[in-house]
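For reference, the structure discussed in these notes is given below.
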Amino acid sequence: MQVDKVEQEKHPQKVRAMFSRIAPNYDRMNRIMTLAQDRRWRREVILRAALPEGGWLLDLGAGTGDLAMEALRQVPTASVLAADFTLPMMQVGRQGKSSPIHWCAADALNLPFPDESFEAVVSGFLLRNVTDVVRSLAEQYRVLKKGGRVVCLDTTQPQANLFSPLVNFHLNQVIPTLGRWLAGDGAAYTYLPQTTQSFLTAEALAELLEKVGFREVGFGRRMLGTIAIHWGVKK
């Protein structure tokens, strides 16, 4: 899939429809695709968010709420709001859970929250699916309190190295095949790996974080360079 084709597939209605289809199998596929490393990454995201006791955290593009639940595990006194624009994903997240997460339908490009509402904003695999990364980051900056932290877990363009053939095989062959077998949706699990290869480099995303006003920006690569965790502070 070419880069321009991937961008066309990011139309909000298409993205919402795709995630609605795969919602029942989303968490299981994440565990399989990442060899269960996604749990460790989410723990790191919440640690880096440095959420204070009793603080408010926004899990943006929350999906089934994995980051929101991890936040409550680490900071039980926190107030956590999970926001997404795909209702079936949030419905799956709420099933069988009694945790005090607040759920909200929201567009990552037009957040329905007042300025300086949260001590931390986190996201997991959100930015690769939005049509305007800068606008989404600016909205996250707006709703953060001064001194608040943003932490983004997402895919990133892998750097060429000895593992590149293995990475490409996993992205272009293994994941789509598993998507067809286990989720019954080869199209979705062809699009999702392609976003890894077409999304911003880790360095480029760090520059955008600084562009919208974040300071102390940093990032770390994970999983053979296909995943990156970015962070920054609103001064």
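Here are some notes:
- Filter result for the condition that a residue is in a helix (DSSP H, G or I), exposed (fewer than 15 other Cβ atoms within 10 Å of the Cβ) and not hydrophobic (A, V, I, L, M, F, W, C), over Gln173, Gln197: Gln173
- Within the range 145-163, residues that are in contact (Cβ under 8 Å) with a residue 24 or more places away in the chain and basic (Lys, Arg) reach partners that are open to solvent by less than 70 Å² (accessible area, probe 1.4 Å) and assigned to a loop (DSSP other than H, G, I, E, B) with beta carbons closer than 6 Å, at six or more positions or on different chains, in the pairs Lys146/Lys234; Arg149/Ala50.
- When residues in the range 135-167 are screened for being among the polar types (S, T, N, Q) and touching a helix residue (DSSP H, G or I) at 6+ places or on another chain (Cβ under 8 Å), 4 of them pass.
- Residue match in the range 107-120 (condition: under 15 Å from the mean Cα position of the chain (by Cα), at negative phi and polar (S, T, N, Q)): no
- Residue match in the range 181-189 (condition: part of a helix (DSSP H, G or I), farther than 30 Å from Arg48 by Cα and small (Gly, Ala, Ser)): yes
The values are calculated or read from the model by the stated rules, or taken from the named source; none is laboratory data. Keep in mind that what you see is a predicted model, and the values were worked out from it rather than measured. Quick reminder, even Gly has a Cβ in these numbers, built from the backbone with ideal geometry, and neighbours come from all protein chains shown. With ligands, DNA and RNA removed, areas are computed over all heavy atoms of the protein, side chains included. Shrake-Rupley method; radii C 1.70, N 1.55, O 1.52, S 1.80 Å.
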